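One structure is given here, and the rest of the page talks about it.
The values are calculated or read from the model by the stated rules, or taken from the named source; none is laboratory data. Bear in mind that the values here come from a model prediction, so they are computed numbers and not experimental data. Neighbour counts are summed over all protein chains in view; Cβ atoms, including those assigned to glycine, are modelled from backbone coordinates with ideal geometry.
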Amino acid sequence: MTVTSTQLVGIGVSPGIASGPVQWLAPAPTVPVDLAPSGDPQAESRVAVAAVVATADELDVSSAALTGPAADVLAAQAMMARDPVLGDRITALTAEGKAAAVAVAQAFDEFREQLAAAGPYMAERAADLEDIRNRAVARLLGVPMPGVPDPGYPFVLLAGDLAPADTVSLDPTHVLAIVTEHGGPTSHTAIISKSLGLPAVVGCAGIRGLPAGTTVMVDGAEGLVVVDPDEALVGQRLARLAARRSAITGVSGPGRTADGTAVQLLINLGRERNLGVVAAADAEGVGLYRTEFLFLERHDAPSVEEQRVAYAEVFHTFAGRKVVVRTLDAGADKPLGFVTQPDEPNPALGVRGLRTSRLFPDLLDGQLRAIARAAAGSGADVWVMAPMVSTAAEAAGFAAQAHSHGLPVAGAMVEVPAAALQAPAVAAACDFLSLGTNDLAQYTFAADRMAGELAELLDPWQPALLELIRITAHAGRATGRPVGVCGEAASDPLLALVLVGFGVTSLSMAPTSLPEVRLALSQHSLAECQALAAMALRAPDGRAGREAVRAASTKV
Amino acid sequence: MAQRNVVIASSVGLHARPASLFVRAAARQPVKVTIAKVGSDPVDARSILSVLALDARNGDEVVLSAEGEGDEQSLVELAALLERDLDAEP
């Protein structure tokens, strides 16, 4: 490596290697407060309205190129841009002598505030409006369109952080890799990049100020960004990756360690646009079926029948395989109007997950009834689990309720440190345990999982988190209960070895992560995994643990 | 002036797709139609932003008003739309 290369460290959230010039996600335009109008209100009005209409046209064109929900979202945005009352307001503001860009920005802001005031259901629409505003204002100011740039060649995308809306314009054939300053392993960037199969590093503060066009190499597995990399280094890493890719194609089927210990490899599932594609993944089933999507953006709970139809579709698709359904996990980052308590001072510590059934027992009962009806005759091996279980009594109560509906296998998620510390009792009180490592890290370190500044504490390699996982896995062994992991931790091939070393019996992850994890398992014996687990546990911090395990496991 | 009270039948309320369908239908009418929640100020039914900001939910009663040639017929058509569960339809 040459002395001119600089290494920047972040958190690798999506594996892969890429090298190329960087481009920044263009920020939202800022309207100069003293922007002078031309003095001709009619001209300003014409220019302002034309910019908004052009933005609407552009959204219509994008919408026409798509199908399904994405097309509907863009068509709805175009409709907002064409709103006659909004147009009138813009004209009125220019008549008051405001410059076109100022009038557009102010009119949009007024309507956005109205929508925001109409309640939490309107939050997404308010965000849509903000997006249209920024596009129209950028057009008026002649600055780059906010969002993903299009320099005409493949590039590494740099950003402060990515919002879900940014993905609409993200073309994976032009973006080589993603690096963000903020965000942790559970950020939107992590989820988006994994689903697109792009290498990604988050929480990499060192990229700030990096000029566009600078060449970098991104290693999404190691969380490394090398500025002005040595060509030999890039070649070496790419060769290693290619060797790995070809090794991956050589392993398939159920997860096994090198010495034949079975480790179920499962996928995480939510609202799917194309179930068939997901079901085609080489997985032994679904380790986490999130059901919140059925309940979001509604004023009341879906009926038992409506739920049954949705669940039955998934169960039939996965006939012959296991499907672990997580009952409604409302609250905190997933508020529901008809469940979430308003004005909770600290929603993450409030009435969420299984706790909501204290206030709304019918909701859980209806959901279990719908799951049981959908499971009957579907051919799938349906398990249910409750989120946010804190005590053995809660686990026992949930299991009894599920059993009463004819659901034979009911488990508890271990996301609260209390449940991990009492894992033997919790395991004995139900049929299986599933570690939700994202929330378990958040609660163990008292660090908000969305707070990018605290990414180091949320690192799933933190020894304190691993200790709780170890206790839980041991409790499973002692009581004869399966223990799975369905958080982001399961999708890291190195960490997967550590988890298996502790005694975890199944790993659930995004389908794109399966091949790497399957390969890593096939290259290590259970005894090797146990040695790696002990090593990670002894490390002074997450980073050191990861490095020690990486060094010891030359195969990954 | 024609007026008509309607209860929102859509399970998601007058949001999302039902709101779009309603606003598009209002824009097709020969007369200007307003919509209000009972007790609140009427807003232009052709304005998606104003209709969304009403936050009319399933079971809420709204008042449609119009004045001019064909106002009765316009309200009959729009009211019929609101009385269906638009979100449940394909």
* To do: Would you please name the residue that is farthest from the chain's Cα centre (by Cα), looking only at residues in segment A:46-89 that are β-branched (Val, Ile, Thr) and within 12 Å of chain B (Cβ to nearest Cβ)?
  => A:VAL85
* Test A:LEU157 against the criterion of being within 29 Å of B:ALA56 (Cα to Cα), of a type outside the set (Val, Ile, Thr) and at pLDDT 85 or above, and give yes or no. => no
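Which residues, counting only those in segment B:1-38, are of a type in the set (Val, Ile, Thr) and within 12 Å of B:GLU77 (Cβ to Cβ)?
If we filter segment B:1-38 for residues that are of a type in the set (Val, Ile, Thr), which is where we start, we get B:6-8, B:12, B:23, B:31, B:33-35, B:38.
Answer for segment B:1-38, where residues must be of a type in the set (Val, Ile, Thr) and within 12 Å of B:GLU77 (Cβ to Cβ): B:VAL6, B:VAL31, B:VAL33.
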* Name the residue, out of A:VAL175, A:VAL251, that is under 25 Å from A:LEU499 (Cα atoms) and either surrounded by fewer than 23 Cβ atoms within 10 Å (Cβ to Cβ) or at pLDDT 90 or above (or both). => A:VAL251
* Boolean, A:LEU141 is surrounded by 16 or more Cβ atoms within 10 Å (Cβ to Cβ), more than 14 Å from chain B (Cβ to nearest Cβ) and more than 23 Å from A:VAL175 (Cα to Cα) -> yes
* Asked: Out of curiosity, is A:ASP60 in a helix (DSSP H, G or I) and at pLDDT 85 or above?
  -> yes
* Asked: Are there any pairs, at least 6 apart or on different chains, whose C-beta atoms fall under 8 Å, with the first in segment A:43-67 and farther than 19 Å from A:THR94 by Cα and the second outside any helix (DSSP H, G or I), and if so, which?
  -> A:ALA56/A:ARG82
* Asked: Mind checking which residues of segment A:297-306 are at the interface with another protein chain (Cβ under 10 Å from one of its Cβ atoms), crowded, with 18+ Cβ neighbours inside 10 Å and at pLDDT 85 or above?
  -> A:PRO302
* Looking only at segment B:31-62, which residues are within 30 Å of A:ALA71 (Cβ to Cβ) and more than 12 Å from every other protein chain (Cβ to nearest Cβ)? -> B:VAL33, B:ILE35, B:VAL62
* Structure fact -> Out of (1) assigned to a loop (DSSP other than H, G, I, E, B); (2) touching a strand residue (DSSP E or B) at 6+ places or on another chain (Cβ under 8 Å), the one A:GLY20 does not meet is (1)
* When you go through (1) under 30 Å from A:ALA455 (Cα atoms); (2) in a helix (DSSP H, G or I) one by one for A:VAL389, which number turns out not to apply? -> (2)
* Structure fact -> B:SER65 meets each of (1) touching a residue at least 40 places away in the same chain (Cβ under 8 Å); (2) of a type in the set (Ser, Thr, Tyr); (3) at the interface with another protein chain (Cβ under 10 Å from one of its Cβ atoms) with one exception, condition (3)
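Got at least one residue in segment A:441-461 being under 23 Å from A:ALA221 (Cβ atoms), buried (at least 20 other Cβ atoms within 10 Å of the Cβ) and of a type in the set (Val, Ile, Thr)?
If we filter segment A:441-461 for residues that are under 23 Å from A:ALA221 (Cβ atoms), which is where we start, we get A:441, A:449, A:452, A:454-461.
Narrowing further to those that are buried (at least 20 other Cβ atoms within 10 Å of the Cβ): A:441, A:449, A:452, A:455, A:457-461.
In the following step, the residues that additionally are of a type in the set (Val, Ile, Thr) were identified as none.
No, the conditions are met nowhere in segment A:441-461.
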* Answer yes or no as to whether A:ASP161 is surrounded by fewer than 21 Cβ atoms within 10 Å (Cβ to Cβ) and within 15 Å of the chain's Cα centre (by Cα). => yes
* **Residues (within 14 Å of chain B (Cβ to nearest Cβ) and either β-branched (Val, Ile, Thr) or surrounded by 15 or more Cβ atoms within 10 Å (Cβ to Cβ) (or both)) located in segment A:272-296** => A:LEU294, A:PHE295
* Being touching a residue at least 40 places away in the same chain (Cβ under 8 Å) and touching a strand residue (DSSP E or B) at 6+ places or on another chain (Cβ under 6 Å) is the filter here, so list the residues in segment A:268-283 that pass it. => A:ASN268, A:LEU269, A:ALA281, A:ALA283
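Conditions (1) in a loop (DSSP other than H, G, I, E, B); (2) hydrophobic (A, V, I, L, M, F, W, C); (3) buried (at least 17 other Cβ atoms within 10 Å of the Cβ), marked per residue:
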residue: A:PRO515; (1), (2), (3): no, no, yes
residue: A:GLU528; (1), (2), (3): no, no, yes
residue: A:ARG543; (1), (2), (3): no, no, no
residue: A:VAL549; (1), (2), (3): no, yes, yes
* Name the residues in segment B:1-20 that are surrounded by fewer than 19 Cβ atoms within 10 Å (Cβ to Cβ) and either of a type in the set (Val, Ile, Thr) or within 11 Å of chain A (Cβ to nearest Cβ) (or both), would you? -> B:VAL7, B:ARG17
* Before we move on, is B:ALA80 more than 9 Å from every other protein chain (Cβ to nearest Cβ), small (Gly, Ala, Ser), touching a helix residue (DSSP H, G or I) at 6+ places or on another chain (Cβ under 8 Å) and not in a loop (DSSP other than H, G, I, E, B)? -> no
* Asked: Going by the conditions given, is A:ALA395 in a strand (DSSP E or B) and touching a helix residue (DSSP H, G or I) at 6+ places or on another chain (Cβ under 7 Å)?
  -> no
* Structure fact -> In segment A:92-121, anything of a type outside the set (A, V, I, L, M) and within 14 Å of chain B (Cβ to nearest Cβ) is listed as A:PHE108, A:ASP109, A:GLU110, A:PHE111, A:ARG112, A:GLU113, A:GLN114, A:GLY119, A:PRO120, A:TYR121
* Where a residue in segment A:481-501 is assigned to a helix (DSSP H, G or I) and its partner, wherever it lies, is among the hydroxyl-bearing types (Ser, Thr, Tyr), with Cβ under 7 Å and at least six apart -> A:GLU488/A:THR186; A:GLU488/A:THR437; A:ALA489/A:THR437; A:ALA490/A:SER508; A:SER491/A:SER513; A:LEU494/A:SER553; A:LEU497/A:SER553; A:VAL500/A:THR257
* Structure fact -> Scanning segment A:445-462 residue by residue, those of a type outside the set (Gly, Ala, Ser) and either within 16 Å of A:GLU488 (Cα to Cα) or modelled with pLDDT under 90 (or both) turn out to be A:ASP448, A:ARG449, A:MET450, A:GLU453, A:LEU454, A:GLU456, A:LEU457, A:LEU458, A:ASP459, A:PRO460, A:TRP461, A:GLN462
* Within segment A:407-427, can you find the residues that are in contact with a Leu (Cβ under 9 Å, 6 or more places away or on another chain) and surrounded by fewer than 20 Cβ atoms within 10 Å (Cβ to Cβ)? -> A:PRO417, A:LEU421
